[in-house]
Amino acid sequence: MDLATVNALSYEDFVDAFGNVVEKCPLVAAAVWSKRPFATLTALEAALGEFIDALPPSGILRCHPDLAGRDLRDGTLTRESSEEQAAAGMDALGSEEASRMSRLNEEYKARFGFPFVICARMNDKAAVLRQLSERRGNVREVEVTRGIEEVKKICRLRLHTLVLTDAPKL
Ligand SMILES: NC(=O)NC1=NC(=O)NC1=O
């Protein structure tokens, strides 16, 4: 849909369309609807980012499914997460890689109290494993900030999938 269509959406249709641009946090879209009309897609993205920053970061991070975790195995990922995790090869890990991901994810969660979050579409499985291994050694404040940065990258990509901009597809 284009920006004019976005700006004309009812509250319900807006939340239907954008309710999962932040994984399992429809509140973000619900809050941002009242800021329409958005002059540009960047303005919509900025409004989403501002509201994300106003929420308790660990709460947002905890709404994310583990990469290559139970939800992927059970087939209970959201459509967006399922596509993103597949894009990063999370659905095609060897048994050693899968057990390493699981162990590192549990270690990360035990240390920080929220899951490791990374923009899967921007990484392949080697990069995900490397980042998880490196980032688990950070202090909590660093990982809260980094996790929210990754949430915003995921949000940006999901938004661009939903809203057609007149920027030429390069
Ligand atoms: N824990 C995560 O980082 N999950 C995810 N990142 C994505 O890009 N999609 C996900 O489901």
Qualifying position, being at pLDDT 95 or above, among the small types (Gly, Ala, Ser) and open to solvent by 80 Å² or more (accessible area, probe 1.4 Å), among Ala39, Ala88: Ala39
Checking Gly137 against (1) in a helix (DSSP H, G or I); (2) over 15 Å from Glu45 (Cβ atoms), the condition it does not meet: (1)
Filter result (open to solvent by 40 Å² or more (accessible area, probe 1.4 Å) and either closer than 22 Å to Ala120 by Cβ or of a type outside the set (Phe, Trp, Tyr) (or both)) within segment 8-26: Ala8, Ser10, Glu12, Asp13, Asp16, Lys24, Pro26
Complete set of residues in segment 123-170 that are of a type in the set (Asp, Glu), away from the ligand (no atom under 13 Å from the Cβ) and at pLDDT 95 or above: Glu134, Glu141
Conditions (1) away from the ligand (no atom under 15 Å from the Cβ); (2) closer than 22 Å to Arg146 by Cβ; (3) basic (Lys, Arg); number of the one not met by Lys109: (1)
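Can we say Asp66 is of a type in the set (Asp, Glu), at pLDDT 95 or above and within 14 Å of the ligand (Cβ to nearest atom)? Don't jump to the end; show me each part of the working.
Values: of a type in the set (Asp, Glu): yes; at pLDDT 95 or above: yes; within 14 Å of the ligand (Cβ to nearest atom): yes.
For Asp66, the condition - of a type in the set (Asp, Glu), at pLDDT 95 or above and within 14 Å of the ligand (Cβ to nearest atom) - is met.
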Filtered residues of segment 61-79 (kept if part of a helix (DSSP H, G or I) and crowded, with 19+ Cβ neighbours inside 10 Å): Leu61, Leu72
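The values are calculated or read from the model by the stated rules, or taken from the named source; none is laboratory data. All of these numbers come straight from a predicted model, not from anything done at the bench. As a convention, Cβ positions derive from the backbone with ideal geometry for all residues, glycine included, and neighbour counts pool all protein chains shown. With ligands, DNA and RNA removed, areas are computed over all heavy atoms of the protein, side chains included. Shrake-Rupley method; radii C 1.70, N 1.55, O 1.52, S 1.80 Å.
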